[in-house]
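In what follows, a single structure is set out as structure tokens and then discussed.
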Amino acid sequence: MTATALHALIFDVDGTLADTESAHRAAFNQSFAELGMDWHWDEALYTELLGISGGKERIQHYWRRAHPDIKALNGQAMQDTIDRIHALKTAAYEKAVQMGAVALRPGVLKLIESAFTDGLRLAIATTTSPVNITALLRTAIGPDWRQYFTVIEDASTAPRKKPHPQVYLQTLQRLQLPACACLAFEDSENGLQSATAAGLATLVTPNSFTAHHDFRGALRVLPSLRDVSVAHLRAWHAEAFAGMALARA
Ligand code: XBP
Ligand code: MG
């Protein structure tokens, strides 16, 4: 393997492959209502709560902030309730995605297919739950979606959520590639920090929930992956690698 060549692309899911967070937000609110809770996450609040990666962690963060009196609840009772909310939410999200609530972002499918044809290995590194990945990609790509991805790391395999680099470090380990042979694709500040901490050059495609985030350190910030080709990726990767080599000289 030549050290400077690009060998793999590692994709975040939510906000990167597809604008999923509106559907996630609706699913959270549906689960609160189903349980008779008076919680409602509007868009402004959810945009703030997205600073916490992971649905269960997000619920716990909100509960502690909105109801500091929860000391009345012991740890296990609180965790059981969070697990119940999240199970209902995941079922609601899966149903919404299967009904077509979410489409892949512009250029994503074309890039996945052309990169796969060009011999690049593809991976997923996400903090979302595995059932959400399957629902999204089975609906958007078809039943054979799994063939495109060599490695998938998600909330079930990497419990330390972004910005912690665990999910990307585990992806690189399973790919048996150094970070310099890969590019990461992200949409959020947490995601960029996680990928960067794992040594990855990262392309960022912000969305309405993350447009205000700090993307310093990104290889490039793009409006979307529309019209982004494998040739572009190879050139940008070479640029990044040359930049790193110069810095070391
Ligand atoms: C984004 C997240 C996830 C989703 C909700 O993941 O932080 O928590 O918002 O999904 P990504 P879960 O790393 O793909 O951007 O409720 O399953 O966590
Ligand atoms: Mg994301």
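The values are calculated or read from the model by the stated rules, or taken from the named source; none is laboratory data. As the structure is a computational prediction, the values presented were derived from the model and not from experiment. Cβ placement follows ideal geometry from the backbone for every residue including glycine, while neighbour counts extend to all protein chains displayed.
Quick look at the values:
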quantity: Only listed residue being more than 16 Å from ligand 2 (Cβ to nearest atom) and assigned to a loop (DSSP other than H, G, I, E, B), chosen from His40, His61; calculated: His40
quantity: Within region 119-153, considering residues that are in a loop (DSSP other than H, G, I, E, B) and touching a residue at least 40 places away in the same chain (Cβ under 8 Å), the one surrounded by the most Cβ atoms within 10 Å (Cβ to Cβ); calculated: Thr127
quantity: Residue satisfying all of: in region 38-51; free of Cβ contacts under 8 Å to residues at least 24 places away in the same chain and of a type outside the set (Asp, Glu); nearest to Arg160 (Cα to Cα) among these; calculated: Leu49
quantity: Leu233 more than 13 Å from the chain's Cα centre (by Cα), more than 12 Å from ligand 1 (Cβ to nearest atom) and part of a loop (DSSP other than H, G, I, E, B); calculated: no
quantity: Single match in Ala158, Ala181 (criterion: over 20 Å from His7 (Cα atoms) and touching a residue at least 24 places away in the same chain (Cβ under 8 Å)); calculated: Ala158
quantity: Filter pass, Thr210 being out of contact with any His (no Cβ under 8 Å at 6 or more places or on another chain), touching a residue at least 60 places away in the same chain (Cβ under 8 Å) and among the polar types (S, T, N, Q); calculated: yes
quantity: Residues of region 213-227 classified as in a loop (DSSP other than H, G, I, E, B) and either among the small types (Gly, Ala, Ser) or without any contact (Cβ under 8 Å) to a residue 24 or more places away in the chain (or both), total; calculated: 6
quantity: Single match in Ala8, Ala101 (criterion: surrounded by 15 or more Cβ atoms within 10 Å (Cβ to Cβ), under 30 Å from Cys182 (Cα atoms) and of a type outside the set (Val, Ile, Thr)); calculated: Ala8
quantity: Answer residue from region 211-226, given it is of a type in the set (Lys, Arg) and surrounded by 13 or more Cβ atoms within 10 Å (Cβ to Cβ) and is farthest from Leu109 (Cα to Cα) among those; calculated: Arg220
quantity: Subset of region 92-110 (residues that are over 23 Å from Ala195 (Cβ atoms) and part of a helix (DSSP H, G or I)); calculated: Ala92, Tyr93, Glu94, Lys95, Ala96, Val97, Gln98
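Residues checked against (1) assigned by TED's automatic domain parsing to the domain that holds Leu183; (2) assigned to a helix (DSSP H, G or I):
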position: Phe32; (1), (2): no, yes
position: Gly36; (1), (2): no, no
position: Thr81; (1), (2): no, yes
position: Ile112; (1), (2): yes, yes
